[in-house]
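J.: Before anything else, here's the structure in question.
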Amino acid sequence: MLWLFPEPYPDESFHGVMTRYHLRTKSPREATTFSDIFGNPRKTPPSFPWRLADLATRLPPGVMVTTADLIQGHTLYPYFAYALPPERASRLYDALVSTRVQASYAHVITGVQAAAVPWAETVQVCVECLEADRQVWGEPFYHRAHQLPAVLLCHRHGSRLVSTPIPLRTVRGGKTLVPAAHLTGLGGRGQTKAAAPDAGRFLLALAKDSAWVLSCPVAPGDAVLRRAYVGLLVARGLCDDRGATDTESLRRWVESRAERSALAAVGCALDGTKVPWYLAIMRPSSPQRQPLIRHLAFLRLLGTSVQDVHPNLAALSSQPLAERPPRGIAAEALARWRLEHHEADDARVRGLVQDVVQHLRSQGRSVTLTSLRRALGRDAWRLGNLPQHPLTEELLVEQGLVGMVGGVSGENSHG
């Protein structure tokens with residue numbers, strides 16, 4: 001039984017709880033504290049503890065904390081699980097409770113080792129939070145919201161986070177269990193404020209979004225998020241009703257709204273890659289999992305936020321999409337498919353005629369009203385009621401097939 005184990009503070013990182021336990025026990029060696037908590041003297045990176053299920057059974061009666069409380073309320077698990085596939089989120093949870101798999105394996109599961117986003121090597125603090133915690137709780141402590149990847153500002157005060165000498169993602173070099181009350185030389189408040197106003201506002205918005213995700217008990221996963229993005233793009237005219245993204249329109253939309261310096265600072269630069277991250281994030285077949293900060297930035301660029309979208313994820317991700325044609329379908333078959341699966345509204349009729357005309361011309365065939373009918377097939381033509389559509393003659397005139405008096409180039413209009 002760990003009789004001196006402290007009650008965790010709200011949003012206190014598990015590493016912070018460990019430092020306060022180490023201070024209470026007055027142990028001269030950190031290895032002793034690691035052995036008490038994890039049953040193993042080997043140091044564990046503060047970012048991902050392990051053996052938490054066993055620890056929860058050895059807490060004193062006054063500390064009413066379960067394994068789930070430790071993981072959801074005092075580790076970075078909710079943040080990383082939010083955009084992970086469910087099976088990987090489950091593996092991450094298992095790594096935190098297991099007595100066999102060391103939590104350093106969690107870095108592999110989350111993909112943060114391969115992600116091109118900044119993540120501090122040492123524990124981060126907000127000077128103003130330290131002072132506020134001292135006044136409210138009687139002592140300062142480490143906040144887990146300050147230890148997230150690509151979070152540069154405090155979500156409460158807007159102050160730039162300050163690095164400490166304590167390693168966050170490794171156990172090499174220096175002491176690990178240094179209580180926040182023993183930190184010195186962190187500088188004054190004036191030195192921590194963010195500089196550029198526009199970049200600062202965007203960085204602060206991302207910091208608030210990241211902190212909100214930490215408090216979210218439900219992790220939707222990347223597939224649900226991606227499906228919700230389709231609904232958001234459709235509403236903004238950046239995606240058709242079959243889920244196909246208009247890449248050029250999306251590119252213009254992002255570039256006109258992007259705060260480039262802020263995006264570059266959090267690993268979301270718009271340049272330097274063949275496929276921009278905001279396009280890759282929409283592709284289910286993309287081999288690289290996009291880090292959560294890019295999901296949060298994408299939502300901000302769309303004019304919304306994760307807090308606003310999360311309550312509507314079920315509705316957004318369940319919106320029915322129009323059926324999509326099979327891959328590799330020939331032009332004539334594609335035209336027939338469109339007639340069979342969609343009403344002949346203006347936009348679809350225009351696309352239908354243009355597709356078939358382009359195909360006929362690419363084969364060197366004459367393009368006439370008759371050849372269009374033959375390419376489509378008479379049954380499919382009647383099914384779509386294309387001859388009666390008011391746009392039909394206008395489109396054929398545009399294509400040079402029908403003269404001003406209704407004649408068809410090279411053929412009789414009734415041929």
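Where a number appears in this text, it was derived from the coordinates with a stated rule and is not lab data. The model shown is predicted, which means the values in this text are computed figures rather than measured ones. Reconstructed Cβ throughout: ideal geometry from the backbone, glycine too, with neighbour counts over all protein chains shown.
J.: Apply the a/c threshold of 1.5 to the C-alpha gyration tensor of the stretch 1-131 and tell me whether it is rounded, prolate or oblate.
T.: Prolate shape, in that a/c is at least 1.5 and a/b is the bigger ratio.
J.: A further question follows. R283 versus T32, label points 7 Å from Cα toward the beta carbon: distance in nm?
T.: 5.6
J.: Quick check: residue separation of T57 and D271 times 0.36 nm, minus the Cα distance between them. What number comes out in nm? Don't skip to the end; give the middle numbers.
T.: Values: separation 214, 0.36 × 214 = 77.04 nm, distance 5.01 nm.
Using 0.36 nm per residue and subtracting the Cα-Cα distance, I get 72.0 nm.
J.: If you take every residue apart from E30 with its C-beta less than 9 Å away from the C-beta of E30, what net charge results, scoring Lys and Arg +1 and Asp and Glu -1? Let's see the in-between values first.
T.: On the way: positive: R29, K43, K175; negative: none.
Value of the local net charge: +3.
J.: Could you list K208, K43 so that the one with the fewest beta carbons within 10 Å of its beta carbon is first and the one with the most is last?
T.: K43, K208
J.: Further, regarding this structure: Can you give the FRET efficiency for A181 and A244, using 1/(1 + (r/R0)^6), R0 = 45 Å, r = Cβ-Cβ distance, to the nearest 0.05? Please list the in-between numbers first.
T.: Details: r = 56 Å, r/R0 = 1.25.
With a Förster radius of 45 Å, E is 0.20.
J.: When you have a sec, figure out the Kirkwood radius of the stretch 221-317 from all distinct Cα pair distances and drop it here in Å to one decimal?
T.: Answer for the stretch 221-317: a Kirkwood hydrodynamic radius of 13.6 Å.
J.: Skipping prolines and chain starts, which residues have an amide H placed within reach, meaning under 5 Å, of the one on S13, given they are 5 or more residues away or on another chain?
T.: For S13, the qualifying residues are Y142, H143, R144.
J.: Now a separate question. Report ³J(HN,Hα) in whole Hz for each residue of the stretch 306-315, in order, from the Karplus equation J = 6.51 cos²θ - 1.76 cosθ + 1.60 where θ = phi - 60°; Gly and Pro get x.
T.: With coefficients 6.51, -1.76 and 1.60, one gets 5, 5, 6, 7, 4, x, 9, 4, 4, 5 Hz.
J.: Subtracting the Cα-Cα distance from 0.36 nm times the residue separation, let me have the gained length for H157 to T67 in nm, one decimal.
T.: Fully extending the segment from H157 to T67 adds 29.3 nm.
J.: Between W3 and T170, how high is the FRET efficiency from 1/(1 + (r/R0)^6) when r is the Cβ-Cβ distance and R₀ = 30 Å? Nearest 0.05.
T.: That gives a FRET efficiency of 0.45.
J.: Taking H placed 1.01 Å from N in the peptide plane, check which residues at least 5 places from V123 or on another chain put their amide H under 5 Å from its amide H.
T.: For V123, whose amide H was placed from the backbone, the distant partners under 5 Å are T164, I166, L168.
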